[in-house]
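The values are calculated or read from the model by the stated rules, or taken from the named source; none is laboratory data. These numbers come from a predicted model, not from an experiment. Note that each Cβ is placed from the backbone with ideal geometry, even for glycine, and that neighbours are counted across all protein chains shown.
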Amino acid sequence: MSEAGLAGTPIGTAPLFDFSLPPMQAACQSIDLPEGPMLAVIEDETGAGKTEAALILAQRMMQAGKGRGLFFALPTMATADAMFARAETVLGRLFAGVPSVTLAHGRSALSERYRGIVNAARESSDTITCTPWLAENRRKALLADVGVGTVDQALLAALPTRFNTLRHFGLSSKILIVDEVHEIGEPYMASVLEQLLRLHRGAGGSAILLTATLPLDLRRRLLATYEGAAENPAYPALTLSSGVARTDLPQETGAKGVVSVSRLDSAAEAVTLLAQAAGQGDDCNASH
């Protein structure tokens, strides 16, 4: 089991972050957790620290016996790669040992960081590891202590596909964290996510959904998969399927800063500008 990366890793008890927690993260640290499987919906603006809030909540959920690992489901391969790059520092505190961590999407082999972890011996790392057996294919990746991947890797567990039972089994012991849920608002994808959450709950699993702009109707439908209800339209909000909600989350108000706008004469100029910004390490979505 250890050689395959399936032995499991004890959950840590140390605080994940040393900084003063903003309102949403503080709410995740203090909110009362219900008995049994649960679904949490974290709604807050972009850049408010929803990922850190989810990790704080997930640690508490695992300590309460609601899972023995995590699977981060992200909308794109790029966001999955970025989350994987952030994993090492946080997971060193989240687990009291060396957890197995996998990157699950169609081009994970192109990640130098991931390849380095797979090729290294377990003894060479004191933070995270990944056995060659787990990295062999994306289906096995969901069996690791922590999986980071595109959301389709999780949704396939709810579809009549080959090896869907293996995916479902791998997810059943995990806290399923789905980021950018509003990106799955398209009717077909939303229906598959609903089915996945029902299956996950049926297997005793718990989940956390992160979003900046979730329509109220979709929030209602997703909470209903755990027999919850979305009664309060407040935003930002931390809502649990048990009916408990935190909406007393003061936000900073006022201008975010100066925004400049300039007109480009052609699409080619825009591509050049984006390429230059990316080469300098800029966040093109936020800066341009």
Those residues of region 35-54 which are in contact with a Phe, Trp or Tyr (Cβ under 9 Å, 6 or more places away or on another chain) and either over 17 Å from A203 (Cα atoms) or among the β-branched types (V, I, T) (or both) amount to E43, D44, E45, T51, E52, A54
Can T150 be described as in the same structural domain as D217 (by TED's automatic domain parsing) and either acidic (D, E) or in contact (Cβ under 8 Å) with a residue 24 or more places away in the chain (or both)? yes
Considering only region 139-154, state which residues are assigned to a helix (DSSP H, G or I) and in contact with a His (Cβ under 7 Å, 6 or more places away or on another chain). Q153
Filter region 168-179 for residues that are outside any strand (DSSP E or B) and crowded, with 20+ Cβ neighbours inside 10 Å; the one that is modelled with the highest pLDDT is D179
Per the filter on region 155-167, residues at pLDDT 90 or above and either in contact with a strand residue (DSSP E or B) (Cβ under 6 Å, 6 or more places away or on another chain) or part of a loop (DSSP other than H, G, I, E, B) (or both) are L159, P160
Do any helices (runs of 4 or more DSSP H) entirely within region 1-100 hold 1 or more residues that are modelled with pLDDT under 90 and under 17 Å from G147 (Cβ atoms), and if so, which? 77-94
